[in-house]
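Laboratory data are not the source of any read-out in this text; all were calculated from the coordinates shown. None of these values were measured; they are calculated from a predicted model. Positions of Cβ are backbone-derived with ideal geometry, glycine not excepted, and every protein chain shown enters the neighbour counts.
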Amino acid sequence: MSTAFDREPAAGGPDRGGAPKGQRNGPFAVSTVALALLVWPVAFNLGVYGEVFYEDVFRFVVAASATLGVAIVASSPSVAFRWPTLVALGAPAAWLAAAVVLFDSTVEAASDPVLGTIGLIVAVVAVPVALRVLFLLFNPEFGSAGDTRLLIGAATIVVGAALAGFVVGANHDAFLICDDFKVAGADVPTNCVKP
């Protein structure tokens with residue numbers, strides 16, 4: 001079975017995306033693995049505790065804000081981001097600022113019907129936008145090449161990692177014991193397996 005890593009471009013020249021031989025797979029692999037590692041712990045904790053932790057919220061706000069900065073600074077003709085993308089990347093920081101100004105905590109803000117709904121919409125829109133922007137920054141040839149095979153492959157792998165993280169978290173008793181949570185410094189779930 002042939003994979004993207006062992007396929008040779010025709011006549012040793014550029015592959016379908018226009019990148020020279022061997023230059024597309026490295027960034028694709030690095031960006032896909034990095035994004036999968038970013039979503040796994042959020043999904044795992046959501047599966048175990050039914051919560052998204054403040055660390056994950058702040059990590060995402062920082063990642064989206066840093067991605068916004070990089071998208072502005074590193075924007076080029078091959079990877080230019082339109083204003084809706086930039087707004088989506090700035091929305092998590094704006095939501096956090098609104099939560100701090102309008103409420104005493106992000107927990108109260110998330111519990112508010114209006115700001116909580118806005119926060120959910122921001123997350124649902126901004127997370128995939130941020131992941132796509134990060135992928136395109138690592139792989140600028142996908143911004144104009146029209147070859148979406150690897151972009152769809154990366155999205156599938158990252159979504160698969162998130163689903164696997166959630167399933168493993170929700171079924172942690174099949175994978176972990178109470179001491180694993182204690183050693184990691186995490187709260188011990190009520191339904192963990194005692195050794």
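Structure data summary
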item	result
Rounded, prolate or oblate (a/c below 1.5 giving rounded, otherwise prolate when a/b exceeds b/c) for region 22-184 by Cα gyration tensor	oblate
Efficiency of FRET between residue 72 and residue 148 - r from beta-carbon atoms, R0 22 angstrom, step 0.05	0.35
Charge-dipole axis of region 22-184 as Lys and Arg at +1 and Asp and Glu at -1 on Cβ define it, positive-most pick from 53, 157, 97	157
For peptides 153-161, 131-139, sequence by mean Cβ density within 10 Å, most packed first	131-139, 153-161
Ranked by how many other beta carbons lie within 10 Å on average, peptides 99-109, 182-192 from highest	99-109, 182-192
Equivalent-ellipsoid semi-axes of region 43-115, from the Cα gyration tensor, Å, largest first	27, 16, 10
Hypothetical label at residue 58: residues of region 100-118 whose amide nitrogen lies under 20 Å (7 Å Cα-Cβ projection)	100-111
Residues whose placed amide H lies under 5 Å from that of residue 193, excluding near-sequence neighbours	178
